[in-house]
Amino acid sequence: MTLPGSPHVAYRGGELFVEDCALGRLARRFGTPLYVYSRSAMLAALAGYQRALAGRDHLICYAMKANSNLAVLQIFAQAGCGFDIVSGGELERVLAAGGDAAKVVFSGVGKTRAEMARALEAGVACFNVESESELELLSQVAVQVGRTARISLRVNPDVDPKTHPYISTGLKGNKFGVAHERAVATYRRAATLPGIEVAGIDCHIGSQITETGPYLDALDRVLDLVESVEAHGITLHHLDLGGGLGITYTDEQPPAAEALVKAMLARIDTRGHGHRKIVLEPGRSLVGNAGVLVASVLYLKPGGAKNFCIVDAAMNDLMRPAMYEAWMSIVSCTLRDEPPQTMDVVGPVCESGDWLGRDRHLAVQPGDTVAVLSAGAYGMSMASNYNTRGRAAEVMVSGAQAWLIRDREAPADLFRGEHLLPR
Ligand SMILES: *Cc1c(COP(=O)(O)O)cnc(C)c1O
């Protein structure tokens, strides 16, 4: 039985393994729900980007909102990565994981004064500025703290990435970036501001993109702008082409990272921009296929219209199905010699939207464990405490070794910081 996603997640003799660790055993050792990640799968995904960029001035900034566990950041930092951050909190995580602030780019439409000041003090490589008012404020803050902010403008190329509307970010009418028509004027303004040094240009058109076309269209629009901006005597040293490459959840066939990046580099070279530093911000494609969410089957509930398989993981652990109606593969950790039944896999949360998979064919009994595949990105990082459910534990696997990289939350963790009224 071949599974979609990573070759590091596979059956051996009826047992599902991540690298050399059987998930059933990890579930007994660490409890469920449990996120399990493969270190090799993460490094293999990164290597695709690294091969394509070898020999060029470049920086791969892992978009850490996809999975911000400190151990995940540590793996990427040790492999030479920088980070794409979208909050001050993410910057603190980078520093706590031993990452280098000089390899950090700071994205996001709503940076606060305090976040700007802290990022300047830490010495981030670049602010990806998303509006004209942000640019003005950033200059003021930089002058106040006695630093210069290196910036690129995030431009909105108005390209349809052909993905889910919630994760498409480069169209007119999205809240992201500076409109293409305003970009030259905004760069000219930036060049006059005392706290600002123009460093490059940035775009990011969406997420879970499975075609090369939208990337090349966006790239052409960005290169057109680079030429217009430089005609005004403003130099753009780097091209930040964002992230967004999709992964295989079921039968999607996204281009390999290496092929995609090579296609982009070929276009950059053809248009005479080969001397520029390349920055990329991949998130999902570095970690998505490297992780699974393991859950225990609590009850089977047969019904007239539907059969339900109630598991101990829920929408608070994994939001993607409820939020985007995302289809994620769900398989047994131990194969049974019984005919599969059709069932909806649902969690214990009190919402009808709390489902992980609909109309799945599974042969399971209460007490069995199942795994939701390709859950390494936007899984744990989007988890909440809804229904006062502690967030899952996380484990990193390398070969036959498994390390606990995040403790399971206990109820007392969840109301720490809350206060009763005086009696
Ligand atoms: C989320 C995000 C990314 C990464 O997107 P993926 O689809 O996870 O690769 C990159 N850049 C920015 C600005 C983002 O917001």
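A few remarks follow.
- Taking the listed residues A41, A10, A52, A22, the one that is within 16 Å of the ligand (Cβ to nearest atom) and surrounded by fewer than 24 Cβ atoms within 10 Å (Cβ to Cβ) is A52, with no other qualifying.
- Residues that are more than 19 Å from the chain's Cα centre (by Cα) and surrounded by fewer than 22 Cβ atoms within 10 Å (Cβ to Cβ) within the stretch 102-124 comprise A102, T112, R113, A114, E115, A117, R118, E121, A122, G123, listed in sequence order.
- The stretch 150-180 - residue that is more than 21 Å from the chain's Cα centre (by Cα) and among the β-branched types (V, I, T) and, of those, modelled with the highest pLDDT: I151
- The stretch 8-42 - residue that is assigned to a loop (DSSP other than H, G, I, E, B) and modelled with pLDDT of 95 or more and, of those, farthest from the chain's Cα centre (by Cα): G14
- Selection of the stretch 242-258 for residues being open to solvent by 60 Å² or more (accessible area, probe 1.4 Å) and either within 14 Å of the ligand (Cβ to nearest atom) or within 19 Å of D217 (Cβ to Cβ) (or both) yields an empty set.
- Residues within the stretch 308-344 that are without any contact (Cβ under 8 Å) to a residue 60 or more places away in the chain and of a type in the set (S, T, N, Q), tallied: 2
- Matching entry among G213, G283 (being more than 14 Å from the ligand (Cβ to nearest atom), closer than 19 Å to P161 by Cβ and among the small types (G, A, S)): G213
The values are calculated or read from the model by the stated rules, or taken from the named source; none is laboratory data. A quick note: this is a predicted structure, and the numbers were derived from the prediction, not measured. Quick reminder, even Gly has a Cβ in these numbers, built from the backbone with ideal geometry, and neighbours come from all protein chains shown. For the accessible areas, the whole protein counts, side chains as well, though only heavy atoms, and no ligand, DNA or RNA atoms are used. Shrake-Rupley method; radii C 1.70, N 1.55, O 1.52, S 1.80 Å.
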